[in-house]
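Structure record follows, encoded as structure tokens.
The values are calculated or read from the model by the stated rules, or taken from the named source; none is laboratory data. Owing to the predicted nature of the structure, the values given are computational and were not obtained by experimental measurement. Heads up, the Cβs are rebuilt from the backbone with ideal geometry, glycines too, and the neighbour counts pull from every protein chain shown.
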Amino acid sequence: MGLIRNALPSIIFIICGVALKLWAPEEVNGIFGYRTFFSMKNKETWKEGNAFSAMMMIVSGIICLLLSLTITFFYKDYPSISRKISGIVTVMLVLGSIFYTEIHLRKVFDKDGNRKVL
């Protein structure tokens with residue numbers, strides 16, 4: 001039970017990333033997709049933000065899943081500790097994905113949302 005409980009957030013994150021990759025929203029909206037102020041500037045930032053964040057979600061979810069399984073294995077006699085550590089790791093990877101996606105968008109686009117000329 002502890003293994004499933006620790007792995008479930010990672011699995012959900014992977015599924016959401018795959019769903020975002022396969023069914024990325026075409027139009028900027030406030031319901032589905034990677035929604036931050038910068039990613040919603042225009043259609044181009046929207047598409048780039050969603051594509052990049054989908055990949056980040058999948059990669060982060062896989063990393064989180066592997067770490068959660070490892071943590072659960074090493075702390076199998078202490079399920080509350082493994083849950084807390086897995087939860088902290090999950091939150092850190094989710095926040096890291098958002099942070100890294102925002103950095104990527106700012107490298108690709110200027111402050112007005114126009115693609116930078118390299």
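Listed residues Ile103, Ile98; which is farther than 17 Å from Ile11 by Cα and under 12 Å from the mean Cα position of the chain (by Cα)? Before you say what the answer is, go through the steps one by one.
On the way: Ile103 fails: under 12 Å from the mean Cα position of the chain (by Cα).
On inspection, the qualifying residue turns out to be Ile98.
Are any residues in the stretch 36-69 within 20 Å of Asp110 (Cβ to Cβ) and either in a loop (DSSP other than H, G, I, E, B) or more than 16 Å from the chain's Cα centre (by Cα) (or both), and if so, which ones?
Keep residues of the stretch 36-69 that are within 20 Å of Asp110 (Cβ to Cβ), which gives 36-53.
Residues satisfying the conditions are Thr36, Phe37, Phe38, Ser39, Met40, Lys41, Asn42, Lys43, Glu44, Thr45.
Run down Gly49, Gly33, Gly17, Gly61 and say which single residue is in contact with a Ser or Thr (Cβ under 6 Å, 6 or more places away or on another chain) and closer than 13 Å to Thr101 by Cβ.
Details: Gly33 fails: in contact with a Ser or Thr (Cβ under 6 Å, 6 or more places away or on another chain); Gly17 fails: in contact with a Ser or Thr (Cβ under 6 Å, 6 or more places away or on another chain); Gly61 fails: closer than 13 Å to Thr101 by Cβ.
Going through Gly49, Gly33, Gly17, Gly61 in turn, the sole match is Gly49.
Every residue in the stretch 70-111 that is of a type in the set (D, E, K, R) and surrounded by fewer than 17 Cβ atoms within 10 Å (Cβ to Cβ), please.
Residues of the stretch 70-111 of a type in the set (D, E, K, R): 76-77, 83-84, 102, 106-107, 110-111.
Residues satisfying the conditions are Lys76, Asp77, Lys84, Arg106, Lys107, Asp110, Lys111.
Here are some conditions: (1) surrounded by 17 or more Cβ atoms within 10 Å (Cβ to Cβ); (2) at pLDDT 95 or above. Cys16 meets all but one. Which one does it not meet?
(1)
With modelled with pLDDT of 95 or more, more than 25 Å from Asn6 (Cα to Cα) and of a type outside the set (Ser, Thr, Tyr) as the only criterion, which of Gly96, Gly30, Gly61, Gly113 stands out? Spell out the reasoning first.
Details: Gly96 fails: more than 25 Å from Asn6 (Cα to Cα); Gly30 fails: modelled with pLDDT of 95 or more; Gly61 fails: more than 25 Å from Asn6 (Cα to Cα).
Going through Gly96, Gly30, Gly61, Gly113 in turn, just one is modelled with pLDDT of 95 or more, more than 25 Å from Asn6 (Cα to Cα) and of a type outside the set (Ser, Thr, Tyr): Gly113.
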